[in-house]
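The values are calculated or read from the model by the stated rules, or taken from the named source; none is laboratory data. The shown structure was predicted, so the numbers you read here are calculated from the model rather than taken from an experiment. Note that we place each Cβ from the backbone using ideal geometry, even for glycine, and neighbour counts take in every protein chain shown. Please note that ligands, DNA and RNA were not included when accessible areas were found on the heavy atoms of the full protein model with its side chains. Shrake-Rupley method; radii C 1.70, N 1.55, O 1.52, S 1.80 Å.
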Amino acid sequence: VFRMYGSPRVLLQVLWAQLLCGWVLGSELTFELPDNAKQCFYEDIIIGTKCTLEFQVVTGGHYDVDCRLEDPDGTTLYKEMKKQYDSFTFTAAKNGTYKFCFSNEFSTFTHKTVYFDFQVGDDPPLFPNENRVTALTQMESACVSIHEALKSVIDYQTHFRLREAQGRSRAEDLNTRVAFWSIGEAIILLVVSISQVVLLRSFFSDKKTTTTRVGS
């Protein structure tokens, strides 16, 4: 038996907070990074805002990429070379446009697929109009618990989607290598078989002898 506590206004507040989350949490993107290429992204951040940059290489080569994060003055806040995945959290020390770049310039032949999630700020409160001194009702507490659980579910889904895409890429790459290796073995076996047949025939073939008479 389910009991409902509170009013429709509570549900409207929950829906409104869910809509705000998409605006506050920043950017999340999966993109292709060609070989010998560099891709940069920009985000306007207010001083004192807590931010988190998380990235992972999904497909391509050795699944590594260079990453660099700079503040509005060009000062490097984060720099890593040939990383498969990483996470970096910082607090903006000044207002302005922050830049983070992913580089595949060290790769000559393979392009990469990169996923990143750049979170800016914290989640807005579910009940911004409520006085925080007062205790939450049972309905509000349940909404907060559901909200936190849903965020965890979203994180787990993203994580497993990336793992599934990476595993599928590895399997397809392995399948391609096995196919080419099988074709190469078949060609080598055919050449060796034909060579053996020709060699054996040469052993048992009759050789014509030439007789020369010396006339008197």
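Yes or no, residue by residue, for (1) at pLDDT below 80; (2) among the hydroxyl-bearing types (Ser, Thr, Tyr); (3) open to solvent by 50 Å² or more (accessible area, probe 1.4 Å); (4) not in a strand (DSSP E or B):
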site	(1), (2), (3), (4)
Tyr78	no, yes, no, no
Asp86	no, no, no, no
Thr110	no, yes, yes, yes
Val114	no, no, no, no
Asp117	no, no, no, no
Leu126	yes, no, no, yes
Asn129	yes, no, yes, yes
Val133	yes, no, yes, yes
Leu136	yes, no, yes, yes
In the range 38-63, residue least open to solvent (accessible area, probe 1.4 Å) [restricted to those that are in a loop (DSSP other than H, G, I, E, B) and modelled with pLDDT of 90 or more]: Thr49
Pairs where the first residue, in the range 48-70, is over 16 Å from Arg161 (Cα atoms) and the second is part of a strand (DSSP E or B) and small (Gly, Ala, Ser), C-beta under 8 Å, 6+ apart: Thr52/Ser87; Leu53/Ser87; Val65/Ser103; Asp66/Ser103; Cys67/Ser103; Arg68/Ser103
Those residues of the range 164-198 which are among the small types (Gly, Ala, Ser) and within 24 Å of Val58 (Cα to Cα), in sequence order: Ala165, Gly167, Ser169, Ala171, Ala179
Number of the condition not met by Gly74 [criteria: (1) more than 15 Å from the chain's Cα centre (by Cα); (2) not in a loop (DSSP other than H, G, I, E, B)]: (2)
From the options Val14, Val1, residue that is farther than 29 Å from Asp71 by Cα, modelled with pLDDT under 90 and touching a Cys at 6+ places or on another chain (Cβ under 6 Å): Val14
